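The values are calculated or read from the model by the stated rules, or taken from the named source; none is laboratory data. Just so it is clear, the structure is predicted and the values come from calculations on it, not from any experiment. For neighbour counting, all protein chains shown are included, and Cβ atoms are generated from backbone atoms with ideal geometry for every residue, glycine included. Remember, those area values only see protein heavy atoms, side chains included, never the ligands or the DNA or RNA. Shrake-Rupley method; radii C 1.70, N 1.55, O 1.52, S 1.80 Å.
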Amino acid sequence: MPKIHAVSTYTPPHQIPQEKAEEFIQQLFAGRMERLERYLKVFKNAEIHNRQLAMPIEWYKEDHSFSERNDLYIELATDYGVRVIQDCLAKSSIDVKDINAIIFVSTTGISTPSIEARLMNQLSFSEDVVRIPIWGLGCGGGASGISRANDYCLAHPEALVLVICLELCSLTFQPEDLNKSNLIGTSLFGDGVACALVCGDQVKLSSGKTLPSIKNTASRLLSNSEDVMGWRVEDNGLHVIFSKSIPIIIEKWLTPFVKTFLQENGQSLQNISQFIAHPGGKKVLTAYETALELPKELLAASSFILQQHGNMSSPTVLFVLKHVMEQQPAIGELGIMASLGPGFSGELVLLEWE
């Protein structure tokens, strides 16, 4: 089975404590948004300590055109992408020329050619690298990217595949949008980048550590759920959509998805010792815990990443995976990686440490 050989992460340099983010919104929306003081409670309730942003906080107080923000997305995505790729490959002693495919996952900016082509011009990739850009999966993109890398490695067992998940959520912030979804998004989202190296069966890389092999994957879409989560595209850019029903949907929809997936693979939740959940927010993690009757310690890694970085959309679950891999699970331990995103959709990856 394909293995995840290394995961690297990068966060932008502008750190903002949660109380500063709350103060920022309070000053910006004061006198313009009804029931603002009541809504501001979401900042404390989110149980996020710090987040990292692409730009200094003063930048977000001003109006910026869609094109200005998107140009900045392209510039910073290229810079951050180079950094995280170099770090990931250094961990594995792999030369960039040996990479066979790049899966680039993002939803917070638009670029044609897509960002991985720009990364190929910055680093000495082979000109024959297969490019697989994926746009629009939002928070579900991290586990989906790993799943697509698994598919590629099953078809090409000699392949080395990079999965790059990059989101600059803060660049989509709309200072004139007084909808509750915009305020909730501002209480949750941060910026971040993650890169995973996935290797096919025939790749021989030495490692003194246990590594997660990918045993199977699954995808599922909830019918007629387009309005649960996503972006509303307007002249001035992307406006976040959040339905208050998300935790309820997770509780009712996730359980049969996970249990069926495990049964099909001859496993049960009792056999899972590592639950690598995308921490969409405190309520999302609580919904996981309630729906699947999980002990809190199984979600500790996801909670830790949420506290330190917020919800970075697609890269976040890879931040969790990196944290878990650093704890060196024992040989034979089983894990599930789970991400939920627009659609409403879900992606599951069954892992075994070897």
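For Lys252, the lysines whose Cα comes closer than 17 Å to its Cα, not counting residues fewer than 8 places off in the same chain, are Lys244, Lys283.
For the chain, give the percent of accessible area contributed by carbon and sulfur heavy atoms, probe 1.4 Å, rounded to a whole number. Don't skip to the end; give the middle numbers.
Values: 7290 of 14930 Å².
Using a 1.4 Å probe with all protein chains present, the chain comes out at 49 percent carbon and sulfur.
With bins 10 Å wide beginning at 0, the percent of Cα pairs of the stretch 243-354 falling in each bin runs 14, 51, 32, 3, 0. Would you mind pulling out the separation of the Cα centroids of the stretch 148-185 and the stretch 194-265, in Å? Cα centres, the stretch 148-185 to the stretch 194-265: 11 Å.
Using alpha-carbon pairs under 8 Å, 6+ residues apart, how would you state the relative contact order of the stretch 245-354 in percent? Please report the intermediate quantities before stating the final value.
Details: 141 pairs, mean separation 31.5, N = 110.
Averaging sequence separation for qualifying contacts and normalising by length gives 29 percent for the stretch 245-354.
The value obtained for the stretch 141-264, namely the Cα convex hull volume divided by the number of residues, is 166 Å³ per residue.
If you take every residue apart from Ser268 with its C-beta less than 13 Å away from the C-beta of Ser268, what net charge results, scoring Lys and Arg +1 and Asp and Glu -1?
Values: positive: Lys259; negative: Glu264, Glu293.
Net charge in that neighbourhood comes out at -1.
The distance separating the Cα centre of the stretch 86-116 from that of the stretch 43-84 comes to 20 Å. Count Lys and Arg as plus one, Asp and Glu as minus one, and take only other residues whose Cβ is under 13 Å from that of Leu28; the net charge is then -4.
Above 18 Å, the calculated P(r) of the stretch 1-156 contains 69 percent of its Cα-Cα pairs.
Taking every DSSP helix (H) stretch of at least 4 residues in the chain, weighting each as -39,500 (n - 2.57) and dividing the sum by the residue count yields a mean residue ellipticity at 222 nm of -11500 deg cm²/dmol.
A viscosity of 1.306 mPa s and a temperature of 10 °C, combined with the Kirkwood radius over Cα pairs in Stokes-Einstein, give a translational diffusion coefficient for the stretch 96-180 of 113 µm²/s. Phi-derived couplings, Karplus 6.51 cos²θ - 1.76 cosθ + 1.60 at θ = phi - 60°, listed residue by residue for the stretch 200-216: x, 4, 8, 7, 9, 10, 7, 7, x, 10, 6, 10, x, 9, 8, 8, 5 Hz, with x used for Gly and Pro. The residues packed around Leu183, meaning those with a beta-carbon under 11 Å from its beta-carbon, carry a net charge of +2 if Lys and Arg are +1 and Asp and Glu are -1. Treating r as the C-beta distance of Glu158 and Ile110 and R0 as 22 Å, the FRET efficiency rounds to 0.05. Give the angle, between 0 and 90 degrees and rounded to the nearest 10, that separates the Cα long axis of helix 18-29 from the longest principal axis of the Cα atoms of the chain. Taking Cα atoms only, the helix is inclined about 40 degrees. With axes computed from alpha carbons, what is the tilt in degrees of helix 66-92 against the longest principal axis of the chain, rounded to the nearest 10 within 0 to 90? Helix 66-92 and the main axis of the chain meet at about 30 degrees. Taking 16 Å as the cut-off, the amide N atoms of the stretch 42-56 that come nearer than this to a point 7 Å along the Cα-to-beta-carbon line of Lys20 belong to 48-56. Computed over the stretch 195-262, the percent of Cα pairs more than 19 Å apart is 61.
In this simple spin-label model, placing a label point 7 Å from the Cα along the Cα-to-Cβ direction at both Ser223 and Ala300 gives a separation of 4.2 nm. Over the chain, the ratio between the Cα radius of gyration and 2.2 N^0.38 Å evaluates to 0.95. Our note on the geometry: Cα centres of the stretch 284-301 and the stretch 4-24, 23 Å apart. Taking a point 7 angstrom from the Cα of Lys41 along the C-beta vector, which residues in the stretch 232-274 have backbone N less than 17 Å away? Hits in the stretch 232-274 for Lys41 at 17 Å: 244. Accessible surface computed residue by residue for the chain, with neighbouring protein chains in place and a 1.4 Å probe, gives 42 Å² per residue.
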